[in-house]
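*Asks:* This is the structure I have questions about; it appears just below.
The values are calculated or read from the model by the stated rules, or taken from the named source; none is laboratory data. Please read these numbers as outputs of a predicted model, since none were measured by experiment. Cβ: placed from backbone, ideal geometry, glycine included. Neighbour counts: every protein chain shown. Note: areas computed on protein heavy atoms with side chains; ligands, DNA, RNA excluded. Shrake-Rupley method; radii C 1.70, N 1.55, O 1.52, S 1.80 Å.
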Amino acid sequence: MVRGKVELKRIENTTSRQVTFTKRRNGLLKKAYELSVLCDAEVALIIFSQKGKLYEFSSSNMQKTIEKYRSDVKKDEICTPENEVHVQQLKQEAAAIQQQIEQLEISQRRLLGQDLVSCSVEELSHLDNKLEHTLRTIRARKTQLFKEQVEKLKAKERYLLEENARLCQENTSLCQKQKDPVISNQSSQFSEVETELFVGLRVSQNSTNL
């Protein structure tokens, strides 16, 4: 059965990633050991896990192998013309960046009103235009923020007015409900009083006729 091609990308599942790391790490350490034994090679292998745990193998002495590697790399760096050209390019880029930083510092001081004695008329005019543009931008932003705040306050005012009206309506309805039972009880009491008086009066007339 032919095995499918495994796509090389980061394993998202943590458990699967840890299992794969353990298997591949053990396989790599085994291959390094076999290479050192079969070919009589000096092999040094360093592995750091995702959590920073160190795994290493050395066919001789790890520290000596590392020092030997550093010595060879340093020797190659000194002897390689390409590296010298690259170093020169880096120096030129660093010098250009330093010059840009100095120009920015000068421009910043002039915007603060400092070191203006050495400025020419053209430089002062350019500085004036730059300041005017900056002020317009700041004022436009300030105006926009004020408008947004006013709109928020208006919306809050509308909400409070609506809430106040709703509470007033609820209060009025509650007061009306409380008044209705009182009026009903008073009407009932008045009816009973009138009935008793009427009955008493009729009894009084009958007694007179007799």
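*Asks:* Tally up the residues in region 24-59 that are of a type in the set (Ser, Thr, Tyr), assigned to a helix (DSSP H, G or I) and touching a residue at least 24 places away in the same chain (Cβ under 8 Å), please.
*Replies:* Keep residues of region 24-59 that are of a type in the set (Ser, Thr, Tyr), which gives 33, 36, 49, 55, 58-59.
Filter once more, so that each one left must be assigned to a helix (DSSP H, G or I): 33, 36.
Subsequent filtering for residues that are touching a residue at least 24 places away in the same chain (Cβ under 8 Å) retains 33.
Adding up the residues that qualify gives 1.
*Asks:* Given the criteria of a type in the set (Asp, Glu) and within 32 Å of the chain's Cα centre (by Cα), does Glu123 qualify? Explain how you work it out, then say what you get.
*Replies:* Numbers: of a type in the set (Asp, Glu): yes; within 32 Å of the chain's Cα centre (by Cα): no.
Taking the combined requirement at face value, the residue does not satisfy it.
*Asks:* Find the residue count for region 98-128, including only residues that are open to solvent by less than 100 Å² (accessible area, probe 1.4 Å) and either of a type in the set (Phe, Trp, Tyr) or assigned to a helix (DSSP H, G or I) (or both). Break it down into steps so the answer makes sense when it comes.
*Replies:* Let us first name the residues in region 98-128 that are open to solvent by less than 100 Å² (accessible area, probe 1.4 Å), namely 98, 101-102, 105-107, 109-111, 113-116, 118-120, 123-125, 127-128.
Now narrow it down to the ones that are either of a type in the set (Phe, Trp, Tyr) or assigned to a helix (DSSP H, G or I) (or both): 98, 101-102, 105-107, 109-111, 123-125, 127-128.
Number satisfying all stated conditions: 14.
*Asks:* Of the numbered conditions (1) modelled with pLDDT under 85; (2) among the aliphatic types (A, V, I, L, M); (3) assigned to a helix (DSSP H, G or I), Ala95 satisfies every one except a single condition; which is it?
*Replies:* In the conditions (1) modelled with pLDDT under 85; (2) among the aliphatic types (A, V, I, L, M); (3) assigned to a helix (DSSP H, G or I), Ala95 misses (1) alone.
*Asks:* What are the residues in region 84-143 that are more than 30 Å from Lys74 (Cα to Cα) and among the small types (Gly, Ala, Ser), if any? Full working, then the answer.
*Replies:* Restricting attention to region 84-143, the residues satisfying the condition of being more than 30 Å from Lys74 (Cα to Cα) are 99-143.
Hits for region 84-143 are Ser107, Gly113, Ser118, Ser120, Ser125, Ala140.
*Asks:* When only residues in region 32-74 that are among the aromatic types (Phe, Trp, Tyr) and either exposed (fewer than 10 other Cβ atoms within 10 Å of the Cβ) or under 45 Å from the mean Cα position of the chain (by Cα) (or both) count, which is nearest to Ser16 (Cα to Cα)? Lay out the reasoning, then the answer.
*Replies:* Of region 32-74, the ones among the aromatic types (Phe, Trp, Tyr) are 33, 48, 55, 57, 69.
Applying the additional criterion that residues be either exposed (fewer than 10 other Cβ atoms within 10 Å of the Cβ) or under 45 Å from the mean Cα position of the chain (by Cα) (or both) yields 48, 55, 57, 69.
Values: Phe48: 18, Tyr55: 19, Phe57: 25, Tyr69: 35 Å.
In this case the residue turns out to be Phe48.
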